[in-house]
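Undergrad: Pasting a structure below so you can have a look.
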Amino acid sequence: MILSIESSCDDSAIAITEIETKKLLFHKKISQELEHSVYGGVVPELAARLHAEALPKILQECQPYFKDLKAVAVTTTPGLSVTLVEGVTMAKAVSIALDIPIIGVNHLVGHIYSLFIEKESHFPLTVLLVSGGHTQVMEVKSFKDIKTVAKSMDDSFGESFDKVAKMMNLGYPGGPVIETLAKGGDRKRYNFTVPLFQSPLIAFSYSGLKNSVRLAIESANEEDYKDVAASFEHIATAHIIQKLKKYFKTTPPKTFAIVGGASANLYLRSSIEELLKPHGAGLLLSELQYCSDNAAMIGRVAVEMYKENLFDDLDNLKVCPKSPI
Ligand code: KG4
Ligand code: ZN
């Protein structure tokens, strides 16, 4: 079995995965959403302190599995340095105490493998990662062969939902609350510009849209918020669809996947389903409980790495806020 730890942002999570069967034997996540909600976003130092409280509590519950552990895995990149360190410190302690190897896992690879929790993996895949930190398209052949073909030049898709919610005083995270608000709204009422519409670049940008939404909110009444939310969600999604359409012209998809916390968004899901239809491409999605950050996905990647003896040196295992992918 492998014990895996995730602490890259505001979720403290630990999982136990059986190596041979990929069965998830244990998974617990303590989310800090409530604590950060009053600030309208994640406060890194507060998040680190909450990880320091939550992770040992969860680890204690894993004690019955300690004798069967063959490795410990932990998210090392990308994320908030101060929160990543909490997980890595714990993983090092477990590695030393139980005398088992340590495996550093990239959180983005984790999101890709959230598709394959308790399942066999299959590639190649074109993957759209939409989370609080990333809006990224990747061509994936294996956990070692990942090519990023488009990414955001500034804010991410999920982050823009968080910021719009903050402007409307709706708390954090903004994704689910804006999606719910948008359901009753008029998607065409506010004519926001689709970001990078004229640009030949296959890339994403959300800072301009965020500012247009800010101006709309400033001159809106609260009863207009649902229309602002609906128009914003429509354009935020249209931006992804326009760039994917462009990308598919040169690289038609065979199997497409959407991963990351914001992949829970039903408007985005259905828009991508429509886009894939003429290509006859399949769509893979993670189970809803594994879209957002979790330790099961980290354990699932670690199973692949364990099989190839991809262990890290305890003294050289460091955290890295920016992903090399
Ligand atoms: O993957 P995740 O849990 O954490 C990161 O790795 O960033 O993603 C969290 C992000 C937040 O920005 C949250 O607002 C967004 O995903 N999100 C959504 C939805 N559910 C979560 N964004 C849009 N629509 C949703 N339904
Ligand atoms: Zn994530």
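Undergrad: Per residue, how large is the accessible surface of segment 60-149? Use a 1.4 angstrom probe and give square angstrom. Let's see the in-between values first.
TA: Working: 3460 Å² over 90 residues.
For segment 60-149, the per-residue accessible area is 38 Å².
Undergrad: Here is the link list: LYS277/LYS322; LYS119/LYS277; LYS29/LYS243; LYS141/LYS277. Which ones come out longer than 31 Å on Cα distance? Working shown, then result.
TA: Values: LYS277/LYS322 35 Å; LYS119/LYS277 25 Å; LYS29/LYS243 34 Å; LYS141/LYS277 23 Å.
Going by Cα-Cα distance, LYS277/LYS322; LYS29/LYS243 fall outside the 31 Å limit.
Undergrad: In addition: How much length, in nm to one decimal, is gained on full extension between HIS279 and PHE66, taken as 0.36 nm per residue of separation minus their Cα-Cα distance?
TA: Working: separation 213, 0.36 × 213 = 76.68 nm, distance 4.78 nm.
Full-extension gain reported as 71.9 nm.
Undergrad: Here is a further query. With the cut-off at 1.5 for a/c, could you classify segment 1-160 from its C-alpha gyration tensor as rounded, prolate or oblate? Please list the in-between numbers first.
TA: Working: a/c = 2.01, a/b = 1.12, b/c = 1.79.
Oblate.
Undergrad: Let me ask something additional. Taking the alpha-carbon distance from LYS254 and a cut-off under 19 Å, which aspartates and glutamates remain once sequence neighbours fewer than 8 residues away in the same chain are dropped?
TA: Partners found: GLU120, GLU139, ASP145, GLU273, GLU274.
Undergrad: On to the next question. Which value in nm describes the separation of the simple spin-label points at ASN316 and LYS23, placed 7 Å from the Cα toward the beta carbon?
TA: Taking the simple label geometry, ASN316 and LYS23 are separated by 3.7 nm.
Undergrad: Between 0 and 90 degrees, rounded to the nearest ten: what's the tilt of helix 266-276 against the longest Cα principal axis of the chain?
TA: 80
Undergrad: From the cross-link list LYS92/LYS210; LYS57/LYS318; LYS163/LYS249; LYS70/LYS318, which pairs have alpha carbons spaced over 29 Å apart? Walk me through the intermediate numbers first.
TA: Working: LYS92/LYS210 40 Å; LYS57/LYS318 24 Å; LYS163/LYS249 32 Å; LYS70/LYS318 21 Å.
As for pairs spanning more than 29 Å Cα to Cα, those are LYS92/LYS210; LYS163/LYS249.
Undergrad: Follow-up question, since we're still on this one. Apply the a/c threshold of 1.5 to the C-alpha gyration tensor of segment 116-178 and tell me whether it is rounded, prolate or oblate. Each step should come with its number before you reach the end.
TA: On the way: a/c = 4.56, a/b = 2.02, b/c = 2.26.
Oblate is the answer for segment 116-178, as a/c is 1.5 or above yet b/c matches or exceeds a/b.
Undergrad: So what is the relative contact order of the chain, in percent, for Cα pairs below 8 Å that sit 6 or more residues apart? List each step's numbers first, then the result.
TA: Working: 691 pairs, mean separation 79.3, N = 325.
Relative contact order here is 24 percent.
Undergrad: Using alpha-carbon positions, what is the distance between the centroids of segment 263-325 and segment 1-36, in Å?
TA: Cα centres, segment 263-325 to segment 1-36: 14 Å.
Undergrad: Around ILE241, what is the net charge, scoring Lys/Arg as +1 and Asp/Glu as -1 over all other residues with Cβ under 14 Å from its Cβ? Present the calculation step by step, with values, prior to reporting the outcome.
TA: Working: positive: ARG187, LYS243, LYS245, LYS246, LYS249, ARG269, LYS277; negative: GLU233, GLU273, GLU274.
Value of the local net charge: +4.
Undergrad: OK, next. Give me the extension gain from ILE96 to LEU46: residue separation times 0.36 nm, minus the current Cα-Cα distance, reported in nm with one decimal.
TA: Working: separation 50, 0.36 × 50 = 18.00 nm, distance 2.75 nm.
Extra length available between ILE96 and LEU46 comes to 15.2 nm.
Undergrad: Now for a separate question. Report the semi-axes of the equivalent ellipsoid for the chain in whole Å, largest first, where each axis is √(5λ) for an eigenvalue λ of the Cα gyration tensor.
TA: Values: eigenvalues 241, 108, 48 Å².
Values for the chain, descending: 35, 23, 16 Å.
Undergrad: By per-residue mean of other Cβ atoms within 10 Å, what is the highest-first order of 259-268, 20-29, 66-75, 309-318? Working shown, then result.
TA: Numbers: 259-268: 23.0, 20-29: 15.5, 66-75: 20.6, 309-318: 12.8.
In descending order of packing, they fall as 259-268, 66-75, 20-29, 309-318.
Undergrad: Just order 133-141, 116-124 by mean Cβ neighbour count inside 10 Å, highest at the front, would you? Present the calculation step by step, with values, prior to reporting the outcome.
TA: Working: 133-141: 22.3, 116-124: 14.0.
The densest-packed peptide leads the list: 133-141, 116-124.
Undergrad: What's the carbon and sulfur percent of the chain's accessible surface, probe 1.4 angstrom, rounded to a whole number?
TA: Details: 7570 of 14210 Å².
Exposed carbon and sulfur together represent 53 percent of the surface.
Undergrad: Oh, and also: Quick one: dipole size for the chain, taken about the Cα centre, charges +1 on Lys/Arg Cβ and -1 on Asp/Glu Cβ, in debye to the nearest 20.
TA: The dipole of the chain has a size of about 1020 debye.
Undergrad: Right, here's the next one. How would you order 241-254, 96-109 from highest to lowest mean count of nearby Cβ atoms within 10 Å? Each step should come with its number before you reach the end.
TA: Working: 241-254: 14.8, 96-109: 19.6.
Per-residue mean Cβ counts within 10 Å order the peptides as 96-109, 241-254.
Undergrad: If I ignore ligands, DNA and RNA and count only protein heavy atoms, how much of ARG49 is accessible to a 1.4 Å probe, in Å² to the nearest 10?
TA: Rounded to the nearest 10, that gives 130 Å².
Undergrad: Once you order the gyration tensor axes a ≥ b ≥ c over the Cα atoms, which shape class does segment 142-200 get: rounded for a/c under 1.5, otherwise prolate or oblate by comparing a/b with b/c?
TA: Numbers: a/c = 2.41, a/b = 1.50, b/c = 1.61.
Taking the square roots of the gyration eigenvalues as a ≥ b ≥ c, segment 142-200 is oblate.
Undergrad: What nm distance separates the two modelled labels at LEU266 and SER207, each placed 7 Å from Cα along Cα→Cβ?
TA: Here the modelled spin labels are 3.4 nm apart.
Undergrad: Work through the residues other than ALA52 whose Cβ is under 12 Å from its Cβ and net out their charges, Lys, Arg +1 and Asp, Glu -1. The partial results should precede the final answer.
TA: Details: positive: ARG49, LYS57; negative: GLU45, GLU53, GLU86.
So the surrounding residues net to -1.
Undergrad: Another question, then. Going by accessible area, probe 1.4 Å, with all protein chains left in place, what is the ranking of ARG269, ARG214, largest first?
TA: Final ranking, largest accessible area leading: ARG214, ARG269.
Undergrad: Compute the long axis of helix 157-167 from its Cα atoms, compare it with the longest principal axis of the Cα atoms of the chain, and write down the angle in degrees, 0 to 90, nearest 10.
TA: So the helix axis and the longest Cα principal axis differ by about 70 degrees.
Undergrad: Tell me what the chain gives for mean residue ellipticity at 222 nm when only DSSP H runs of n ≥ 4 count, each as -39,500 (n - 2.57), the sum divided by the residue total, rounded to 500 deg cm²/dmol. Before the final figure, lay out the partial values.
TA: Numbers: 10 runs with 130 residues, N = 325.
For the chain, the value works out to -12500 deg cm²/dmol.
Undergrad: For segment 170-325, calculate the relative contact order in percent as a whole number, restricting contacts to Cα pairs under 8 Å that are 6 or more residues apart.
TA: On the way: 151 pairs, mean separation 33.8, N = 156.
Reported relative contact order: 22 percent.
The values are calculated or read from the model by the stated rules, or taken from the named source; none is laboratory data. Everything numeric in this text was worked out from a predicted model, so none of it was measured. Virtual Cβ from ideal backbone geometry, glycine too; neighbours counted across all protein chains shown. With ligands, DNA and RNA removed, areas are computed over all heavy atoms of the protein, side chains included. Shrake-Rupley method; radii C 1.70, N 1.55, O 1.52, S 1.80 Å.
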